[in-house]
Amino acid sequence: MKQIIYILLTTTVLGLMSCSDWLDVSPKTSIPTDKQFESESGFKDALTGIYLKLGTTTLYAGDLTYAYLDELAGLYSDYPGYNTNAVFNQSIVFDYENMFLSKKNGIYSTMYNIIANINNFLEYVDKNKDVLVTERYYETMKGEALGLRAFLHFDLLRMFGPVYKEHPASKAIPYRIAFDKDATPVLPASEVVDAILKDLNDAEKLLKESDPLDFFTDQTDEDFIDKLTEINQFLINREFRMNLYAVKAMLARVYCYKGDAESKGLATEYAKQVIAASKYFTLYKSQTASNYNSIRYAEQIFGITVNEFSNLLIGNYMDMENTNTQQHFYLDGDKFKFFYETADAGNTDWRKNTEMFEVINGASRTDVFC
């Protein structure tokens, strides 16, 4: 008999926003840059728009989470939606210059487009600093933007740069820090890492004193609850923003990636700081974890909100009701057993439980649909 198993995904992102400064009469859907940053509300809208842009299927609501990058990693046995039929030859997924050129270019260009928006925001957050009169706004907004710029460049480096451990001096990617049309040189990977670390360290300094650190939590401490009542609504639910501990977690990752002895020590130190921040979020605890709560919001350091994510999944070959092998990401049964070590340690892996996978009886052999 054939078993079909679907991944139930839930998490991330909303939509887009854009602005234009080249029209004499602005349409209702665009705002000239100078006007955008004349008020606190304009800054809030612009920063929110940056987060929303992260949530398309080209980026973190698709190709950078459960779709294209997982295909490159070999986590599926086909790629639905290409040439009417699914792509069953895994090697074809690496055909960057032909069939999958649009995937590669889409990721690269979209991420740099968001970086351009971040750079524009950072230019005005200093230029119009006097507009941000509410306590914490300037430091928190600038810290978030710097952290996001580092976050995006780090993913670009890992996707488009060399194998860092082997070729740290090889050319990698541009590191964009200005909102202009001037060409930015392609930097060696080591210089990109240094630029990422500079942005993260600057972000940490800003957020250390300004981040209200309001996370989704089961915390019942009266002092903590009282503190939350004093916080501006724009500064709550920090797990959905580039918060202080998201920056610290990124510093741990990047220092570990850099890999020299000093960096490994710093990576360990930052990781310990994140682990110790149990007042704001908790790491996985088997005795209290719920199989149903696969997202585990109380453990989330940083994530992206996606509006109507279930509808987005349906349109991106993750329809839980669709059992058509050519219209769904899927994994054959042997790979499923290998990845989740179903006979050994995988017995305690909550990711393979029935809340994540729905079993449907089919026809011939055991396959796993995700």
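The values are calculated or read from the model by the stated rules, or taken from the named source; none is laboratory data. Given the structure is predicted, the values throughout are model-derived calculations rather than measurements. All Cβ positions, even for glycine, are placed from backbone atoms using ideal geometry, and neighbour counts span all protein chains on display. Surface accessibility is based on the protein's heavy atoms, side chains included, excluding ligands, DNA and RNA. Shrake-Rupley method; radii C 1.70, N 1.55, O 1.52, S 1.80 Å.
General remarks:
- Applying 1/(1 + (r/R0)^6) with R0 = 30 Å to the Cβ-Cβ distance of residue 343 and residue 82 gives a FRET efficiency near 0.35.
- Spacing of the two label points (7 Å from each Cα toward its C-beta) at residue 116 and residue 233, in nm: 3.4
- Accessible area per residue in Å² at 1.4 Å probe, computed on region 95-207: 46
- Extension gain for residue 165 to residue 335 (0.36 nm times residue separation, less C-alpha to C-alpha distance): 58.3 nm.
- Gain on full stretching of the segment that runs from residue 44 to residue 186 - 0.36 nm per residue minus C-alpha separation: 47.9 nm
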